[in-house]
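Enquirer: This structure is in structure tokens; I'll ask about it shortly.
The values are calculated or read from the model by the stated rules, or taken from the named source; none is laboratory data. In this text, all values refer to a predicted model and were calculated from it rather than measured experimentally. Every residue, glycine among them, receives a Cβ derived from its backbone with ideal geometry; neighbour counts consider all protein chains shown. For accessibility, only protein heavy atoms count, side chains too; no ligands or nucleic acids. Shrake-Rupley method; radii C 1.70, N 1.55, O 1.52, S 1.80 Å.
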Amino acid sequence: MGIALATGSPPASGTATSGTNVALAEGVKLQSTDKASMMGAFEPVRVNVVLKMHDTDELRQMADLVRTHAHAPLTDSDLAARYLPHGDDAARVVNFLRANGFGNIHVSKDNVIVTAEGTASGVQSAFGTRLYKVTNANGSGIANVDAVQIPASLSGVVGAVLGLRSYSERGLSAAKAATVGKNGPKLTAKVSAKGKKAPGTQAASGDTTVACRECVHAPTDFPQLYNAGGLAPALNQSVAIIGVGDQGETPALYQTWANGYGITPIPLAITYPTGYTAGDYEAQTEAVLDIDAVTAMSGGLQQIAFYSAPSTDLSDELTAVTAAVNDNHTTISLSFAASCDSDIPQDLRNSWDQELYAAIAKGLTVFAVTQDDGGYPNCSDNASSTGFPASSPYVVSVGASTLINTADSYSTYDHETLWVDSESGPAATEQRPWYQDVVANVVGSMRGTPDFVMDGDPNTGLWVVTGYVDSSGTFQQQWAVYGGTSLAAPLLAGTYARILQSGIPPYFWPQTFYDIGTAQVKKTKGDCLDCYNFLTGGSNGAYSVVPGQYNQASGWGSWNAASVANAMRYQR
């Protein structure tokens, strides 16, 4: 039965609650429609304690200097000397957690996140809050019903204690399966991949006897469709992909897919920065979709570095992003997001933003999905919303299109429309960034999303090999078609890696991207007039495409890769 908990009036974030404790976050006010029960004392809990970087205002200014090329990207030692928490700060947090019964502790390489496993009673002892298990229309997880507190002695070190609101802070996969057509076989049926020839491009209906313009694609189509085929393969580049769960079967699924299309597999390095649960294949389809899409667009890489988080909790996913940033991957693809940016609390937002400042200051770029729930994704305020962390001005925000090829060629671009489920629109709290001043008349005072779209409609999606466990408990492989913004973001990340290979130095490039778009709209003589494929129409229910212009539905559209590479050489 749903209950409402009266916990009193929690103190404002950051205010002392007693002579020895400081509150970091308010308690969750459960609703009468929530199904909630108090966690048992010994039930397990994982927390991510986020330490404060030093002088984040200056770090943000430094990131601006780097992205405008007024300052060289910072090295790890530069960052550590001035901005990162010190090792003794992390040690104090570790000792505090151990004193309250936490174990299996991981400290991120930059000392920013301390991850630990404990119990509900340990959380109450350390942070002063009871935990409830909560289920509602948006999912299930845990919630702190009292203010989250820390000792005043740690208030100068600790910025947030995350992982205690997983019922509302999930970054879910944005991979979507193709729907079933009226004719032909079900594209998502469990058809064994063993001994089967790799499927080719065909109609979304599954009917292979007719030509199509709205097609599900073999991977070799995409570089030609987006004019990346003339760019050299990104053989000296690496792309980091953020995933979730056990990836033990992922290399075999990737190998089957690559072999089916005669593609040389890219070396795949899988890392679990804060551990994982064996047999947790919740996000395996997302993993293979991301890997396959990056492979298709990049033409080859030095390495795909796959960082797998232990759950879809956004703070767990932040630990994986942090590891990728610490390892200096110039291109990072993130296909997990919360649908409602407006429902994200400030402590979680600040924790992501400070890590993204560091990424930009190092010349790294994160491509993040807007999510797949259309214009009105059932947020608490019933308003239109984009996803998080794509709402951050410190990522390249990626939505999804429906890709139409020409009548005579599956690999020749004709046009794109907006995929109806692609999320978009203004951020809830992030102010309009500097690079969007040129589209202030469209986005208003808040950060607008997406910046770009790429193909993501599942019915114009990508053939992949996924896995499942059959009734006998045996792991099987199958061919299936997937899309979503989860296809769009790795397609763009793979394209970006190819552009870097052409000689463009790694920086956070949105100012240049927006300058290119502005010149294309104005048809400025001598500038690129075909860099972006402006969408021709479509709506997600909240925003509609404005053909030939930047708009709140599709941003600048998709990339004409070779032209973007040439324009970036000119603009910089």
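Enquirer: Looking at (1) open to solvent by 50 Å² or more (accessible area, probe 1.4 Å); (2) in contact with a helix residue (DSSP H, G or I) (Cβ under 6 Å, 6 or more places away or on another chain), which is the only condition M62 fails?
Expert: The single condition M62 does not satisfy is (1).
Enquirer: Restricting the first residue to region 418-444 and requiring it to be on the phi > 0 side of the Ramachandran plot, which pairs with a second residue that is open to solvent by less than 10 Å² (accessible area, probe 1.4 Å) and of a type in the set (G, A, S) meet a Cβ separation below 7 Å and a spacing of at least six or different chains?
Expert: Partner pairs satisfying both residue conditions: G425/S385.
Enquirer: Within region 40-56, restricting attention to residues that are open to solvent by 20 Å² or more (accessible area, probe 1.4 Å) and in a loop (DSSP other than H, G, I, E, B), which residue is nearest to G156 (Cα to Cα)?
Expert: K52
Enquirer: In addition: Go through region 256-290 residue by residue and tally those that are closer than 30 Å to D110 by Cβ, outside any loop (DSSP other than H, G, I, E, B) and among the hydrophobic types (A, V, I, L, M, F, W, C).
Expert: So the count comes out to 6.
Enquirer: Of the residues A567, A542, only one is outside any strand (DSSP E or B), buried (at least 19 other Cβ atoms within 10 Å of the Cβ) and on the phi < 0 side of the Ramachandran plot; which? I'd like the intermediate steps shown before the answer.
Expert: Values: A542 fails: buried (at least 19 other Cβ atoms within 10 Å of the Cβ).
Result of the check over A567, A542: A567.
Enquirer: Going by the conditions given, is Y376 of a type in the set (F, W, Y), open to solvent by 20 Å² or more (accessible area, probe 1.4 Å), modelled with pLDDT under 95 and not in a loop (DSSP other than H, G, I, E, B)? Step through it out loud before you land on a result.
Expert: On the way: of a type in the set (F, W, Y): yes; open to solvent by 20 Å² or more (accessible area, probe 1.4 Å): yes; modelled with pLDDT under 95: yes; not in a loop (DSSP other than H, G, I, E, B): no.
So Y376 fails the test.
Enquirer: Which residue is most open to solvent (accessible area, probe 1.4 Å), if the candidates are limited to region 65-92 and must be without any contact (Cβ under 8 Å) to a residue 12 or more places away in the chain and acidic (D, E)?
Expert: Going through the qualifying residues, I end up with D88.
Enquirer: How about region 462-492: which of its residues are within 22 Å of the chain's Cα centre (by Cα) and either at pLDDT below 90 or over 18 Å from A258 (Cβ atoms) (or both)?
Expert: If the condition is that a residue be within 22 Å of the chain's Cα centre (by Cα) and either at pLDDT below 90 or over 18 Å from A258 (Cβ atoms) (or both), then G483, G484, T485, S486, A488, A489, L492 are the ones that fit.
Enquirer: Kindly list, by first and then second residue, each pair from a residue in region 340-360 that is aromatic (F, W, Y) to a residue that is open to solvent by 20 Å² or more (accessible area, probe 1.4 Å), limited to pairs with Cβ atoms under 7 Å and residues at least 6 apart or on different chains.
Expert: As it stands, the answer is Y357/T56; Y357/R60; Y357/Y394, since those pairs meet every condition given.
Enquirer: A further question follows. Being among the hydrophobic types (A, V, I, L, M, F, W, C) and surrounded by 23 or more Cβ atoms within 10 Å (Cβ to Cβ) is the filter here, so list the residues in region 232-249 that pass it.
Expert: We begin by selecting, within region 232-249, every residue among the hydrophobic types (A, V, I, L, M, F, W, C); these are 232, 234-235, 239-242, 244.
Passing the criteria: A234, V239, A240, I241, I242, V244.
Enquirer: Then there's this: Name the residue, out of V465, V439, V420, V398, that is among the hydrophobic types (A, V, I, L, M, F, W, C) and part of a loop (DSSP other than H, G, I, E, B).
Expert: Of the residues listed, the single one that is among the hydrophobic types (A, V, I, L, M, F, W, C) and part of a loop (DSSP other than H, G, I, E, B) is V420.
Enquirer: Those residues that are among the β-branched types (V, I, T) and open to solvent by less than 40 Å² (accessible area, probe 1.4 Å), I need them from region 503-539; list them, please. Outline the logic, then answer.
Expert: The initial filter retains those residues of region 503-539 that are among the β-branched types (V, I, T), namely 504, 512, 516, 518, 521, 524, 536.
The answer is I504, T512, I516, T518.
Enquirer: W479 versus (1) part of a loop (DSSP other than H, G, I, E, B); (2) within 30 Å of G200 (Cβ to Cβ); (3) open to solvent by 10 Å² or more (accessible area, probe 1.4 Å): which is the lone unmet condition?
Expert: Among (1) part of a loop (DSSP other than H, G, I, E, B); (2) within 30 Å of G200 (Cβ to Cβ); (3) open to solvent by 10 Å² or more (accessible area, probe 1.4 Å), the lone unmet condition for W479 is (1).
Enquirer: What number of residues within region 332-365 satisfy the criterion of being open to solvent by less than 10 Å² (accessible area, probe 1.4 Å) and closer than 20 Å to H71 by Cα?
Expert: Matching residues across region 332-365 total 9.
Enquirer: Kindly indicate the residue of region 401-417 that is of a type in the set (A, V, I, L, M) and either under 30 Å from S445 (Cβ atoms) or assigned to a strand (DSSP E or B) (or both) and also least open to solvent (accessible area, probe 1.4 Å) among those meeting that condition.
Expert: Checking each candidate, the answer is L403.
Enquirer: Check T285 against each of (1) of a type in the set (V, I, T); (2) open to solvent by 10 Å² or more (accessible area, probe 1.4 Å); (3) touching a helix residue (DSSP H, G or I) at 6+ places or on another chain (Cβ under 7 Å); (4) closer than 26 Å to E416 by Cβ and name the one condition it does not meet.
Expert: Going through the list (1) of a type in the set (V, I, T); (2) open to solvent by 10 Å² or more (accessible area, probe 1.4 Å); (3) touching a helix residue (DSSP H, G or I) at 6+ places or on another chain (Cβ under 7 Å); (4) closer than 26 Å to E416 by Cβ, T285 breaks only (3).
Enquirer: Related question: Kindly provide the set of residues from region 185-217 that are open to solvent by 50 Å² or more (accessible area, probe 1.4 Å), at pLDDT 70 or above and within 28 Å of the chain's Cα centre (by Cα), ordered by number.
Expert: E214
Enquirer: Is one or more of the residues making up region 523-537 in a helix (DSSP H, G or I) and not hydroxyl-bearing (S, T, Y)?
Expert: No, that holds for no residue.
Enquirer: Suppose the filter is within 15 Å of N533 (Cβ to Cβ) and buried (at least 21 other Cβ atoms within 10 Å of the Cβ); does L492 pass it?
Expert: Yes.
Enquirer: How about region 545-565: which of its residues are within 11 Å of D530 (Cα to Cα) and among the polar types (S, T, N, Q)?
Expert: Answer for region 545-565, where residues must be within 11 Å of D530 (Cα to Cα) and among the polar types (S, T, N, Q): S558, N560, S563.
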